[in-house]
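Here the structure is laid out as structure tokens; the discussion comes afterwards.
The values are calculated or read from the model by the stated rules, or taken from the named source; none is laboratory data. Since the structure is predicted, the reported quantities are computational estimates derived from the model, not experimental observations. Reconstructed Cβ throughout: ideal geometry from the backbone, glycine too, with neighbour counts over all protein chains shown.
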Amino acid sequence: MNLYPWLDPLWDRTPFPYKTWTQEGKEHGIRYLRVGRAYGKQPIFSVYLYLFEDTMIDTGCPGLGKEIWQWTQQEKIKKPKVLLTHHHEDHSGNAAYLQKEGWEIWSGSKTKRILAQPTAIKFYQHMVWGKYHPCSTKVLSKNILIGNFEAKIIPVPGHCLDQIAFYLPERGWLFSADAFVHEKVKYFRGDEDFKQSLDTLEKLCQLDFDVLLCAHGPRWKNGKKSLEKKLNWFREIEERTQELHHKGLSLGEITQKIFPRSSRFLSYFTGGDISSKNIINSILYGSKERPQIEKILRSEEC
Ligand SMILES: [Zn+2]
């Protein structure tokens, strides 16, 4: 039974003693701001926002709206248009704040429907990122300009149902949201879908690009090679999982064989929401649902 929707209002009122953390930089003319919530010197998880000319990709985790606003003003970009890749709080977290500042916020239609209302999140999400405030986004159609370059909008489900990427063929850039994350991903959220993630990687590997603008760590060159490595890694773990499953090994035993050094702490801390076992589970049985999100996307309203 999922208790987190009942506990969510309690965590929402809890004053977590975090400090905001930022780090800025610029490569290939793309400015970036890395943000996170820190309980010591370093953030538990950080996420990148990218700013190219008048366009910003994603908005980071909640509570950093002021810092983002100051950063863009210092970069002499008054009101960038914001493109959201998906609804997760570390990407949409400051959209409502920036909208109040008069910025235009754009997203895919599924993300729009999810962000229109509050959704319950788990304890660790409250602690690490915080909860997004609902906002009303404009819906992206087929292509949009990022700066002066045409960007193709590519659905990239797997990590979640509403995720999109932005591909700039003229520059050879791919803003991949959370479709990449790492060459050898070891952890999945409970609702990540392995089969969809694999299809997404195969689709992205067909594109011609070199700069991979992942939201959790860009690859400024050889980005496509990094993505191909992840695709091969996924094919390898899928094959090994099926092999061990046919030999009769349990979910836990397969996880132990394929990810012998995976962090138990991460699994305990997130109540099992982020774990290596989730990858194996998704390969064998599909993803677990996020009931609220599924319900919103199933509803005919909006
Ligand atoms: Zn995400």
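Given the residues Thr111, Thr72, Thr119, which is the only one that is at pLDDT 95 or above and within 16 Å of the ligand (Cβ to nearest atom)? Just a single option satisfies the conditions, and that option is Thr111. The single residue among Lys224, Lys229, Lys184 that is of a type outside the set (S, T, N, Q), more than 16 Å from the ligand (Cβ to nearest atom), without any contact (Cβ under 8 Å) to a residue 60 or more places away in the chain and within 24 Å of Tyr124 (Cα to Cα) turns out to be Lys184. Of everything in the range 159-184 that is over 13 Å from the mean Cα position of the chain (by Cα) and among the hydrophobic types (A, V, I, L, M, F, W, C), the residue that is surrounded by the fewest Cβ atoms within 10 Å (Cβ to Cβ) is Leu168. With respect to Lys100, is the statement that it is over 14 Å from the mean Cα position of the chain (by Cα) and either within 15 Å of the ligand (Cβ to nearest atom) or within 25 Å of Leu161 (Cα to Cα) (or both) true? Here the answer is no, as Lys100 does not meet what is asked.
Just name the residue that is nearest to His126 (Cα to Cα) out of those in the range 68-101 that are among the hydrophobic types (A, V, I, L, M, F, W, C) and surrounded by fewer than 24 Cβ atoms within 10 Å (Cβ to Cβ).
Of the range 68-101, the ones among the hydrophobic types (A, V, I, L, M, F, W, C) are 68-69, 71, 77, 82-84, 95-96, 98.
Pick out the ones that are also surrounded by fewer than 24 Cβ atoms within 10 Å (Cβ to Cβ) and you get 69, 71, 77, 96, 98.
Working: Trp69: 23, Trp71: 25, Ile77: 31, Ala96: 17, Leu98: 20 Å.
Top of the filtered list is Ala96.
In the range 137-147, is there at least one residue being away from the ligand (no atom under 16 Å from the Cβ) and assigned to a helix (DSSP H, G or I)?
Taking every residue of the range 137-147 in turn, none turns out to be away from the ligand (no atom under 16 Å from the Cβ) and assigned to a helix (DSSP H, G or I).
Selection of the range 158-181 for residues being within 13 Å of the ligand (Cβ to nearest atom), without any contact (Cβ under 8 Å) to a residue 60 or more places away in the chain and among the small types (Gly, Ala, Ser) yields Gly158, Ser176, Ala179.
Filter the range 245-283 down to residues that are farther than 17 Å from Tyr124 by Cβ and surrounded by fewer than 18 Cβ atoms within 10 Å (Cβ to Cβ), then give me how many there are. Going through the range 245-283 one residue at a time, the tally reaches 13. For the range 1-24, the set of residues classified as in contact with a Leu (Cβ under 8 Å, 6 or more places away or on another chain) and surrounded by fewer than 14 Cβ atoms within 10 Å (Cβ to Cβ) consists of Gln23 only.
Residues in the range 73-96 that are of a type in the set (Lys, Arg) and more than 17 Å from Ile164 (Cβ to Cβ): Lys76, Lys78, Lys79.
Taken as a whole, the condition of being out of contact with any Cys (no Cβ under 6 Å at 6 or more places or on another chain) and surrounded by 17 or more Cβ atoms within 10 Å (Cβ to Cβ) does not apply to Asp210. Scanning the range 189-209 for residues that are under 12 Å from the mean Cα position of the chain (by Cα) and either hydroxyl-bearing (Ser, Thr, Tyr) or away from the ligand (no atom under 16 Å from the Cβ) (or both) turns up nothing. Selection of the range 54-112 for residues being assigned to a helix (DSSP H, G or I) and among the acidic types (Asp, Glu) yields Glu67, Glu89, Asp90.
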